[in-house]
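Novice: Sharing a structure, written as structure tokens. Questions coming.
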Amino acid sequence: NLTTAAAMSSPICAIDRTILNDHTIGKVDNLGLAVFAKLCGVNRGAFVLDPPDGKTYSCLSFPGVFSTNVGRGWNDTIPDSATFTESFAAGNITASQAVEVVDQYVNAVYKTSAEGASSNPYGCDVGGLATLQNCTSSTGTPRSLRKDKDIIRAVTLSGAFVPSFATGGETLTMNEVKEFYTDTDFKEMVKLGVNTIQIPVPCDAFHTSSKDLAVTVTQLLNGAAKAGLSAIIVLVKPDVTSDRTASEVVDDHIKAAASYARSAPAVIALQLPFSTPSLLSSVRSVATKLPVLVPINKGELSMISFPPDKHVFAALDTDATSTVADIASSDSEGDRMKMFYHESITCIDRSPIEWLSCYQDMPVYVTSGFDLAIDDCISQNGDSFKDYGQCDRFDETTDSDWWKRHRQSLAGRQLFTYSKGLGWSFSAWKLYGDDGSGDITPAKLKCLRDVAAAGLLPPMEDTNELGTFCLNGPTNDFTMGDETFAPTPAPVDCGNGWWNETIGDCSFWVPPQPTPAPTKGSCPSCKGAGTKEVALAAAAGAVAALVTNLVVKKYVRGNHGYEVLP
């Protein structure tokens with residue numbers, strides 16, 4: 001590590017060597033796009049060295065020590081990022097040297113923006129390739145909620161005690177709950193790699209007026225524990241109608257839930273219904289060491305504030321289907337662009353997950369938002385649903401190799417990213433009354449059992465291997481004309497015109513210019529590229545740039561300008 005000893009006292013942003021190293025850097029499709037396109041604009045494009053050397057640098061001007069530190073002479077330095085990527089591609093820079101240069105660059109950019117980085121959840125964002133190091137805990141907060149120190153790999157028992165899409169919005173009786181989630185389900189979860197269940201319950205579930213519900217929760221916990229599963233209890237917001245309901249009644253409900261969780265052997269944490277410090281006080285009045293999860297969303301990352309407590313953790317909602325920009329599309333190519341967008345933004349979430357743990361001393365658990373849905377089609381029969389055309393072509397995706405590849409990519413990126421904190425919970429296990437057969441549906445994309453059965457889920461345990469999903473951005477093959485949607489064949493390529501069957505020749509709105517005389521030389525890189533190929537390449541590049549721009553605007557500058565769906 002080339003970081004100076006003086007810098008070791010504060011957090012640094014460095015390349016994650018388990019992901020980007022001598023063996024994997026050659027697998028990066030485009031280092032310029034993966035690293036430099038991300039960081040060249042930070043701090044108006046400027047960075048400096050620590051200690052300073054009297055100069056200011058940028059992507060257009062690398063310091064010579066970047067080269068000499070990796071064993072290159074002063075007459076063989078790498079002058080800028082463009083030369084670096086070209087030289088590495090040509091084999092003039094070794095893999096080891098390339099990793100070290102990238103690491104120095106990432107570290108220098110981060111240290112240049114150090115004061116702002118401490119308040120910027122996305123300050124160490126390099127598309128999932130970088131990690132925060134030298135983080136210390138002032139409270140001694142553990143980095144795992146489980147006794148075996150493993151990350152949480154959970155699934156939510158959606159619909160069991162709180163109506164959800166899994167039950168079609170219906171409330172189940174306690175007998176129906178017992179039939180819904182059985183010992184067989186728990187065994188299948190363990191076989192798949194799940195080690196925890198997440199159980200949403202009403203806030204008053206353990207109050208004296210809800211004994212039947214509490215008894216059923218206990219029965220589910222016992223069945224899960226026999227299969228080797230631990231549990232997290234999630235308290236769901238009540239429908240409050242007055243200040244008294246919120247302050248007095250809820251306080252009693254929180255205390256009852258904390259007492260229950262403290263005495264239940266399988267329960268490893270209790271999640272609060274609000275991110276309110278007074279609710280933590282209610283828990284601590286009856287359970288001083290019970291791990292407590294505080295719910296937050298991405299917009300609240302830098303605003304959360306709780307008193308020091310080594311047993312308090314963040315429960316992050318990563319939902320990405322709440323704005324028009326997230327879900328709207330009205331044709332097949334637009335659907336694919338939307339999937340590309342969701343794949344693109346997933347690895348970015350590594351940065352805020354690690355930032356909250358490093359700078360706020362609150363390790364992060366992803367409590368909701370982990371599934372393969374990229375729209376709100378599970379709500380299309382609801383009164384508040386807004387139709388932008390997003391649900392009209394779902395059948396096109398069920399037997400498509402393109403959609404299978406990209407859903408696998410989205411799943412792998414989420415598994416890797418969300419494993420960088422305490423762990424995660426998948427949105428649901430299964431749908432009520434469904435036997436698991438049949439094609440994938442919008443609702444089944446949110447169910448772990450069905451996603452796994454469809455072959456869309458990579459192995460969960462090897463988080464380092466999952467990192468290869470973030471090594472490159474998603475494949476930008478969303479332009480139509482693949483094995484799923486083959487273009488209609490034409491007798492000839494008419495360029496800017498079209499094949500006119502009536503006259504058996506090309507037709508044009510504007511007659512084409514005469515073909516210019518050929519030059520003496522040829523263009524080796526243009527061989528095999530006709531008008532259609534060039535147009536498709538241009539379209540793909542333009543849309544990729546557009547999606548990248550949307551990602552930057554949404555997550556670097558916040559959600560300003562995006563309409564939040566009801």
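The values are calculated or read from the model by the stated rules, or taken from the named source; none is laboratory data. Remember, it's a predicted structure, so these values are computed and weren't measured experimentally. Counting neighbours? That spans all protein chains shown, and the Cβs are built from the backbone with ideal geometry, glycine included. Please note that ligands, DNA and RNA were not included when accessible areas were found on the heavy atoms of the full protein model with its side chains. Shrake-Rupley method; radii C 1.70, N 1.55, O 1.52, S 1.80 Å.
Novice: Going by amide H atoms built from the backbone, whose H comes under 5 Å of the H on residue 426, apart from near neighbours?
Specialist: Sorted by chain and number, the residues that satisfy this are 154, 155, 156.
Novice: Also, quick follow-up: Treat each spin label as a single point 7 Å out from the Cα along the C-beta direction, and report the residue 182 to residue 259 distance in nm.
Specialist: 3.6
Novice: Would you kindly derive the ³J(HN,Hα) couplings of region 10-19 from the backbone phi angles with the Karplus curve 6.51 cos²θ - 1.76 cosθ + 1.60 (θ = phi - 60°), listing them in order in whole Hz, with x for Gly and Pro?
Specialist: Coupling constants for region 10-19: 10, x, 10, 9, 9, 5, 7, 5, 6, 9 Hz.
Novice: Only Lys, Arg, Asp and Glu count, each charged at its Cβ (+1, +1, -1, -1), so figure out the dipole size of region 42-125 about its Cα centre, rounded to 20 debye.
Specialist: Details: 4 positive and 9 negative charges, 23 e Å.
That gives a dipole near 120 debye.
Novice: Another one. Hey, how many Å between the Cα centroid of region 361-404 and the Cα centroid of region 258-336?
Specialist: A separation of 21 Å, based on Cα centres.
Novice: Assuming R0 = 35 Å, can you tell me the calculated FRET efficiency for the pair residue 281 and residue 319, based on Cβ-Cβ distance, to the nearest 0.05?
Specialist: That gives a FRET efficiency of 0.80.
Novice: Give the Debye-formula value of log10 I(q)/I(0) at each listed q (0.09, 0.13, 0.14, 0.21 Å⁻¹), with one equal scatterer per alpha carbon of region 117-239, two decimals each.
Specialist: For region 117-239, the Cα-only Debye profile gives -0.37, -0.69, -0.76, -1.17.
Novice: Say R0 is 22 Å: what FRET efficiency, to the nearest 0.05, do residue 190 and residue 437 get from their beta-carbon distance?
Specialist: Plugging the Cβ-Cβ distance into 1/(1 + (r/R0)^6) gives 0.50.
Novice: Run the simple label-point estimate for residue 148 and residue 381 please: 7 Å along Cα→C-beta, distance reported in nm.
Specialist: Computed distance between label sites residue 148 and residue 381 equals 3.9 nm.
Novice: For region 378-447, what number results from the quotient of the Cα radius of gyration and 2.2 N^0.38 Å?
Specialist: In units of the 2.2 N^0.38 Å rule of thumb, it is 1.30.
Novice: Could you pull out the trypsin sites (Lys or Arg not before Pro) across region 231-338 that fall in loop regions by DSSP (anything but H, G, I, E, B) with no more than 15 other Cβ atoms inside 10 Å?
Specialist: Filter output for region 231-338: 289, 310.
Novice: Put +1 on the Cβ of every Lys and Arg and -1 on every Asp and Glu Cβ in region 287-384; which of 360, 303, 324 then has its Cα farthest towards the positive end of the dipole?
Specialist: With unit charges placed on the Cβ atoms, the residue in question is 360.
Novice: Quick one: accessible area per residue over region 147-285, 1.4 Å probe, rounded to a whole number of Å²?
Specialist: Details: 6280 Å² over 139 residues.
Accessible area per residue, region 147-285: 45 Å².
Novice: While we're here: What length, rounded to one decimal in nm, is gained on full extension from residue 21 through to residue 46, with 0.36 nm per residue of separation minus their alpha-carbon distance? List each step's numbers first, then the result.
Specialist: Values: separation 25, 0.36 × 25 = 9.00 nm, distance 2.58 nm.
So the extension gain works out to 6.4 nm.
Novice: Tell me, in nm to one decimal, what length is gained between residue 208 and residue 29 on full extension, where the rule is 0.36 nm per residue of separation less the Cα-Cα distance?
Specialist: Numbers: separation 179, 0.36 × 179 = 64.44 nm, distance 5.98 nm.
My answer for the length gained is 58.5 nm.
Novice: Another question about this same structure. Testing the spin-label approximation: label points 7 Å from Cα along Cα→Cβ at residue 69 and residue 53. State their distance in nm.
Specialist: Each label point lies 7 Å from its Cα, and together they span 0.9 nm.
Novice: Here's another thing I want to ask about it. Could you provide, to the nearest whole Å², the per residue accessible area of region 302-448 with probe 1.4 Å?
Specialist: 33
Novice: If you don't mind, another one. Let me know the charge dipole size of region 66-188 about its Cα centre in debye, to the nearest 20, where only the beta-carbon of Lys, Arg (+1) and Asp, Glu (-1) is charged.
Specialist: About 420 debye.
Novice: Let me ask something additional. So how much slack lies between residue 395 and residue 86, counting 0.36 nm per residue of separation and subtracting their Cα-Cα distance, in nm?
Specialist: 106.9 nm is the gain from fully extending residue 395 to residue 86.
Novice: Another one. Past 18 Å, Cα to Cα, is the threshold; run 226/446; 187/226; 149/187; 298/404; 187/430 against it and keep the listed order.
Specialist: Numbers: 226/446 26 Å; 187/226 9 Å; 149/187 21 Å; 298/404 28 Å; 187/430 14 Å.
In this structure, 226/446; 149/187; 298/404 lie more than 18 Å apart at Cα.
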